[in-house]
Amino acid sequence: MSQENNNPARSPLAANPWVILANVSLGTFMSTLDGSIANVALPTIAGELGVPIHIVQWVLTAYLLTICATLPIMGKISDMFGRSKIYNYGFLIFAVGSALCGLSNTLTMLIVSRILQALGAACLMSNSQAIIAEVFSSKGRGRALGITGTMVSLGSLTGPGIGGILVEHWGWTSIFWINVPIGIIGFIAGWFFLPKDKNLKKNQPFDYTGSLLFMAGMIAFLYVISGGQDWGWLSPSVWIGGGLSLLVLIGFYFWEKRTRHPMLDFSLYRIPAFAIGNLTALLSFVALFFTNVLMPFYMHDVLGFSPAKTGYTMMVYPLVMAVVAPLSGWLSDRIGSYSLTTAGLLVNALAFGLLNTLSTQESAWMVGLHLGLFGLGGGLFQSPNNSSIMGSVPRNKLGTAGGLNALVRNIGMVLGTSLSISLYSSRLSYLCPISPGEPEAALSALHTVFWTAMGICLLALLVSVQRLRTRSNDVRTG
């Protein structure tokens with residue numbers, strides 16, 4: 001810690017960067033938590049607001065789509081106007097959006113409030129890693145990013161459990177009201193403790209055309225992916241919608257290549273550590289969300305666990321990761337990221353293979369042991385991978401890089417959720433078209449999903465081993 005404290009270039013609060021880390025960890029946990037906390041409240045919301053369940057799903061979809069569409073934009077704005085400033089305003093926007101969610105008495109108001117809430121979350125997500133990478137020296141960056149990576153996982157994976165407790169005791173609005181005091185405390189603390197912004201680019205023109213093209217293309221693409229299972233993957237809606245969204249995104253790419261001040265700096269992808277780290281992160285999150293989405297189905301439909309028992313068993317994953325990720329980040333500061341990311345992906349691939357040995361008669365502790373392997377693998381992989389990504393880019397582009405890294409994570413979540421449910425449903429319908437609730441059929445369909453996830457994880461491993469070419473530079477930058 002003394003090495004970090006002796007670095008005068010980090011921030012006015014360099015004597016205690018851990019206070020900054022605590023503030024960033026709070027924002028990271030809160031913004032990722034709300035991506036999943038509303039899952040268990042959807043039936044209650046649908047009943048009280050009088051809307052069908054397939055419509056109320058937009059409470060979740062609107063949040064995720066808004067984050068994915070605005071993360072790179074927020075990262076660019078942060079590089080222009082200040083990472084700490086935009087991050088701290090994110091607390092305030094998130095708190096206001098949460099309060100409006102709690103006051104909502106119609107689905108339309110709730111969805112609009114969730115969009116506002118997501119804009120605040122995008123401000124937080126796009127800058128958390130950038131602030132940490134700037135505040136901590138290379139020798140402490142991995143450990144600090146390990147802690148923020150833990151917050152991401154804890155927020156994403158504990159959401160359903162926390163949401164269930166709040167809904168059961170205080171109603172569905174409590175899952176939003178709880179954010180208000182946290183957001184206000186975070187904003188006040190950030191106002192005093194976050195580092196002052198320097199080397200801003202306020203006079204640089206903002207790429208409005210590129211931003212609009214990106215938002216339109218990304219929202220359309222993820223909307224098609226999310227609705228593909230309901231519409232049918234071979235339906236005209238999917239093919240036409242998917243084709244048009246890809247055309248818009250291709251147009252966005254060529255626009256960004258020709259404009260003088262692009263919203264998304266594609267030159268970052270010429271940095272090997274940045275490109276490899278982002279691609280492996282995308283594939284890793286796709287694979288891991290196969291587990292996050294479908295293991296509750298296995299425990300409920302096949303093993304007959306109660307919701308509470310399922311929730312407690314699922315908590316093994318984030319709890320193991322909460323222990324491993326900071327240690328992995330600390331190690332990456334000393335030995336580099338190559339060995340740790342490779343080991344993490346190998347453990348995850350092994351864990352997916354072992355899931356296929358589970359039967360229709362398993363105890364909660366046995367399932368928990370299998371999920372603990374994912375916590376080990378994810379903890380080994382994510383912290384060093386994030387450190388490698390953020391340590392490879394110029395300091396004045398940390399906001400853009402952080403936004404892109406968070407975007408990759410969220411896209412991986414959306415793709416993993418949509419693809420795993422689609423694969424599971426299709427396989428289950430094929431195996432048991434009349435009575436899809438049969439445990440044996442459900443288990444067979446789950447095995448297909450887990451073998452597929454293992455393949456995606458091994459593909460990520462093949463990409464990740466390319467770090468060997470840049471290993472010497474990676475050790476220097478952390």
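As an exercise: evaluate residue 78 against (1) under 20 Å from residue 410 (Cα atoms); (2) crowded, with 21+ Cβ neighbours inside 10 Å; (3) under 18 Å from the mean Cα position of the chain (by Cα) and give the number of the one condition it does not meet.
(3)
Any residue at all in the stretch 384-391 that's of a type in the set (Val, Ile, Thr), crowded, with 24+ Cβ neighbours inside 10 Å and at pLDDT below 85?
Yes: the stretch 384-391 contains one or more residues that are of a type in the set (Val, Ile, Thr), crowded, with 24+ Cβ neighbours inside 10 Å and at pLDDT below 85.
Considering only the stretch 28-82, give the helices (runs of 4 or more DSSP H) lying wholly within it that have at least 3 residues that are in contact with a Cys (Cβ under 7 Å, 6 or more places away or on another chain) and β-branched (Val, Ile, Thr).
Once the helices (runs of 4 or more DSSP H) in the stretch 28-82 are filtered for at least 3 residues that are in contact with a Cys (Cβ under 7 Å, 6 or more places away or on another chain) and β-branched (Val, Ile, Thr), nothing remains.
Filter the stretch 432-476 for residues that are open to solvent by less than 50 Å² (accessible area, probe 1.4 Å), charged (D, E, K, R) and modelled with pLDDT under 70 and give the result.
Hit for the stretch 432-476 is 474, nothing else.
Tell me the residue from 130, 99 that is modelled with pLDDT of 85 or more and assigned by the TED database to the domain that holds residue 72, please.
99
Restricting attention to helices (runs of 4 or more DSSP H) lying wholly within the stretch 234-330, give those where 3 or more residues are modelled with pLDDT of 85 or more.
Result: 236-258, 272-297.
Filter the stretch 96-118 down to the residues that are of a type in the set (A, V, I, L, M, F, W, C) and open to solvent by less than 10 Å² (accessible area, probe 1.4 Å) and list them by number.
101, 110, 118, listed by residue number.
Assess whether residue 206 counts as being crowded, with 20+ Cβ neighbours inside 10 Å, under 22 Å from residue 394 (Cβ atoms) and in contact (Cβ under 8 Å) with a residue 24 or more places away in the chain.
Against the criterion (crowded, with 20+ Cβ neighbours inside 10 Å, under 22 Å from residue 394 (Cβ atoms) and in contact (Cβ under 8 Å) with a residue 24 or more places away in the chain), residue 206 does not qualify.
Of the residues 267, 328, which single one is surrounded by fewer than 20 Cβ atoms within 10 Å (Cβ to Cβ) and over 16 Å from residue 460 (Cα atoms)?
267
Between 390, 413, which is of a type outside the set (Lys, Arg) and farther than 20 Å from residue 329 by Cα?
Unique residue meeting the criteria: 413.
Please verify whether residue 372 is at negative phi and not polar (S, T, N, Q), treating the condition exactly as stated.
Yes.
What's the total number of residues in the stretch 215-246 that are of a type in the set (A, V, I, L, M, F, W, C), more than 17 Å from residue 410 (Cβ to Cβ) and touching a helix residue (DSSP H, G or I) at 6+ places or on another chain (Cβ under 8 Å)?
So the answer is 6.
What number of residues in the stretch 353-373 are under 25 Å from the mean Cα position of the chain (by Cα) and either crowded, with 17+ Cβ neighbours inside 10 Å or not assigned by the TED database to the domain that holds residue 458 (or both)?
So the answer is 7.
The values are calculated or read from the model by the stated rules, or taken from the named source; none is laboratory data. None of these values were measured; they are calculated from a predicted model. Cβ atoms come from the backbone with ideal geometry, glycine included; neighbour counts cover every protein chain shown. Protein only, heavy atoms only, side chains kept; ligands, DNA and RNA dropped before computing areas. Shrake-Rupley method; radii C 1.70, N 1.55, O 1.52, S 1.80 Å.
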